[in-house]
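K.L.:
Quick one: structure below, then a few questions.
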Amino acid sequence: MSWLEDLPIRKKITLVILLTCTAVLVVACASLALYELFDFRRAIVLDAGVRADILGKNTRAALAFQDESAAQETLRALQADPHVISAGIYTRDGVRFTDYSRTDAVHSVPSRPESDGSRFTNGHLVVFRPIFQNEKRIGTIYLQVDLKGVYARLWLFAGISVIVLIGALAVAFILSSWLQRPISGPILALASTAQEIARRKDYSVRAPRKGKNEVGALTDAFNEMVAGIQERESALHAEIAERKLAEGKVTAQLSRLAQLHQITRATGERQDLKSVFQVVVRSVEDQLPADFSCICLYDEVSHTLNVSSVGTASEPLAIELDLIEDSVIAIDRNGLCRCVCGELVYEADTTKVQFPFPQRLARGGLGALVIAPLLVESKVFGVLVTARRQANSFSSGECEFLKQLSEHVALAAHQAQLYGALQQAYDDLRQSQQAIMQQERLRALGQMASGIAHDINNAISPVTLYTESLLDTEPTLSTRARNYLTTILHAMDDVAQTVSRMREFYRQREPQLSLLPVDLNRLISQVLDLTRVRWRDMPMQNGIVIDLNSELAQNLPAILGVESELREALTNLIFNAVDAMPDGGTLTLRTRATNSPPSLVGTGNTVPASSGLVIVEVVDTGVGMTEDTRRRCLEPFFTTKGERGTGLGLAMVYGTVQRHNAEIEIDSAPGQGTTLRLIFPVPSATPTSPEIIASPPTLARLRLLIIDDDPLIIKSLRDALESDGHEVVAAAGGQAGIDAFLQGQNTSNPFTLVITDLGMPYVDGRRVAKAIKLASPSTPVIMLTGWGERMAAEGDIPHNVDIVLSKPPKLRDLRTAFFQLLTPALPHPTPPASNTDSPNPPLTP
């Protein structure tokens, strides 16, 4: 309420009194009005109830004898009362017997009676009362009365209240205007004295004292305060005179220091050399001021100055003098030569200096010139040129200012150069760090996958063994059943290869693993057929259409690779592209060959020298990726799909690309789709497919000992080997296997060969192999383990083990191992420990 605070004290006191009186009168009138309203409502309810009872008594005979005309005649008597809007009589059953409505009535008589009583609604009073005859209810009387009488009485009361309120306020205003003077008079006198002192600046004036109350004490305190101010003012005037004299001596220095600080701060906020120079020349033009200012860089080799930055206000003059940016200035023997040697050069009158550069400025109308060197570590790398049109216009203080400014500019320029070098080093370090972090994440994922491979391989081993056994030992299978079993076997191989590849995120492919020729066009066609449900059928269920655009180059060269890995990588890329187009779009798969020399350098891969590149592009028109997402999308477990994504799709693609000695490129922007490009080297020599090695012959009946802690592995391996005609004894655990072997050695029919697992409780496979070799050095030991691939890759073959095979086992590998270990005349190369891709017969749908 700032307006109330700004009112004069007389008006404020009067207003307070008036507001107080008004509030009291309004409360009193409102209380009387509420009382009148409640009293009148009670009276009208009582009156309407009495009237309804009278009508009920007058019409009960007509109601009892069902004389509607008599009842109607009784109700018409209500026309004499203008406040009755409508009335009605209802029988005991609630049926309307007769009714009455005023001619201008809007509301109709209800068809059914409500509960007895009265209520106010929509500005009317509604009454329902029972009709009794001989203390027995025979009907209900309804009456509707308007409240115009209530409103008229309220309006009358409101008018009287307004008149009384206005009269009371007038009396209060007259009394308050006269009674407030003893309060406001002394205060106004004190305020008048204060205003007089402030206007005349004369602290000898004193306020007159009126009364011995609080206002009198306030007046005495005010007079004492003014006396103290008068004394201090006299002392202050003397001190001000001294301070002005001292301040005049340092004002010039402070102004230059302020300018220097402002320019230094502005340059400190810039990190590139160009913006630092631009800030300096503009500040010199505005704050010194100067008519022309520029900064030139010194070229020590050519011994010239190159114009780097020109002030905005100096540009027209720079064009006239041919001193625009990147212009070259020859160094003369006097001014410029002395400046690049580290001296400050001041030419008070350029028209009197017979050297090329000052003469050039003189022709442009510049009469005074200052050239300040820019030094860093006692070495000049540039100069600051400042000029004015009037001769002899630079003072010694301004020359000193320019010299100090040049030193600060040199430091800022040196800092900008250091910052640029540091930023470049930081960028290089960040890229190296990101590469190392990426490699470490992949290494951690690979090591984790090696740990879970054992359990997965154990789980699928029975499926692989039983499927392969059925295919080999059941010639009576139907073509359909054989195709189903072949499909299951291929699926188990893919599962094993997927688990194997997960640990290979962090390492290159081993040299001993063979890469076969792959036709990428044929592979892409297969992948499109396999994923058709994902990119066409499933989106179409929601009314989403994804158009496929296949642009496969003719006569595309074959590359060397693992077909199942490449098929899985392309499948992941297609799934990602479909997920990036939730509202539909166009999916494009494109291949092409180029003869550009590849930049791919193999790291331990047995890939022949490359004679070109094959490029595969997967393009979508989806939402695209931000720069941060594009940079991190190849990290394991990084996903933008929330709970729907695992974050392994692109990471597995990256691992596959690395193992194939290829490169991956990603072009994407938000709202512009994504292009993911795989670049494979083309081998210089034409690749040939390896020959298919026939399955080794099945040896005669052997007595085999199987040691494992997994009952399913034992049963499936036992059934498969027994179907080959061998006698199989199983032992559940390492110690049980050692005991069974030692017991068999004491019989006439010892074990021919032992197959043991590696990871078993209490006694592992290494201790089992050692115990067997101690008891019988000539007995071959085959280690069958889910860690077989890792052990083969890392060279971790136990000392007492002859051959290591990986789970899930294959009958072909077991037979080959038996044949090699039990046929002394043949060389004993170690069978492959991993399930690499091998030529498989085509699947029949």
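The values are calculated or read from the model by the stated rules, or taken from the named source; none is laboratory data. Quantities reported herein were computed from a predicted structural model and do not represent experimental measurements. No Cβ is skipped: glycine too gets one built from the backbone with ideal geometry, and neighbour counts run over all protein chains shown. For the accessible areas, the whole protein counts, side chains as well, though only heavy atoms, and no ligand, DNA or RNA atoms are used. Shrake-Rupley method; radii C 1.70, N 1.55, O 1.52, S 1.80 Å.
K.L.:
Under 8 Å for C-alpha pairs, at least 6 residues apart: give me the relative contact order for region 300-396, rounded to a whole percent. Don't jump to the answer; show the numbers that get you there.
P.N.:
Values: 157 pairs, mean separation 22.3, N = 97.
Relative contact order here is 23 percent.
K.L.:
Right, next: Using mean Cβ contacts within 10 Å as the protection proxy, how do 228-234, 677-683 order, highest first? Intermediate values should be presented prior to the final figure.
P.N.:
Numbers: 228-234: 11.1, 677-683: 21.4.
Averaged packing, sorted descending, gives the order 677-683, 228-234.
K.L.:
On to the next question. Would you work out if region 23-114 is rounded, prolate or oblate? Take a ≥ b ≥ c from the square roots of the eigenvalues of the alpha-carbon gyration tensor; rounded if a/c is under 1.5, else prolate when a/b is larger than b/c, oblate otherwise.
P.N.:
On the way: a/c = 2.92, a/b = 2.68, b/c = 1.09.
Here region 23-114 falls in the prolate category.
K.L.:
What order, most packed first, do the peptides 360-368, 765-773, 477-485 have when packing is the mean number of other Cβ atoms within 10 Å of each residue? Before the final figure, lay out the partial values.
P.N.:
Details: 360-368: 18.8, 765-773: 21.1, 477-485: 13.0.
Ranking, from highest mean packing down: 765-773, 360-368, 477-485.
K.L.:
Based on the mean of other beta carbon atoms within 10 Å per residue, what is the order of 12-19, 111-118, most packed first?
P.N.:
Numbers: 12-19: 15.9, 111-118: 12.5.
Highest-to-lowest ranking by the protection proxy: 12-19, 111-118.
K.L.:
Express the accessible area of region 1-91 per residue in Å², computed with a 1.4 Å probe while the remaining protein chains stay in the model. Kindly include the intermediate steps, with their values, before the conclusion.
P.N.:
Values: 5570 Å² over 91 residues.
For region 1-91, the per-residue accessible area is 61 Å².
K.L.:
Leaving out ligands and nucleic acids, note down the accessible area per residue over region 697-742 with a 1.4 angstrom probe, in whole Å².
P.N.:
Details: 1910 Å² over 46 residues.
Per residue, region 697-742 has an accessible area of 41 Å².
K.L.:
Set Lys and Arg Cβ to +1 and Asp and Glu Cβ to -1, take the dipole of region 122-202 about its Cα centre, and tell me which of A158, N134, F173 lies farthest positive.
P.N.:
Among A158, N134, F173, the one farthest towards the positive end of the dipole of region 122-202 is N134.
K.L.:
With a ≥ b ≥ c taken as the square roots of the eigenvalues of the C-alpha gyration tensor of region 128-203, please select rounded if a/c is under 1.5 and otherwise prolate if a/b is larger than b/c or oblate if it is not? Display every interim value, and only then the final one.
P.N.:
Values: a/c = 6.51, a/b = 5.12, b/c = 1.27.
It is prolate, given that a/c is not under 1.5 and a/b is the larger ratio.
K.L.:
Moving on to the next point. Where a ≥ b ≥ c are the square roots of the eigenvalues of the C-alpha gyration tensor, would you call region 700-764 rounded, which needs a/c under 1.5, or, failing that, prolate if a/b is larger than b/c, or oblate?
P.N.:
Values: a/c = 2.60, a/b = 1.16, b/c = 2.23.
Here region 700-764 falls in the oblate category.
K.L.:
How big is the charge dipole of region 272-411 about its Cα centre, in debye rounded to the nearest 20, if each Lys and Arg gets +1 on its Cβ and each Asp and Glu gets -1 on its Cβ? Numbers along the way, then the final one.
P.N.:
Details: 11 positive and 19 negative charges, 67 e Å.
About 320 debye.
K.L.:
In region 514-599, with Lys and Arg counted as +1 and Asp and Glu as -1 at Cβ, which of these residues, M581, N555, Q526, has the Cα nearest the positive end of the dipole, that is, farthest along it?
P.N.:
It is N555, whose Cα lies furthest towards the positive end.
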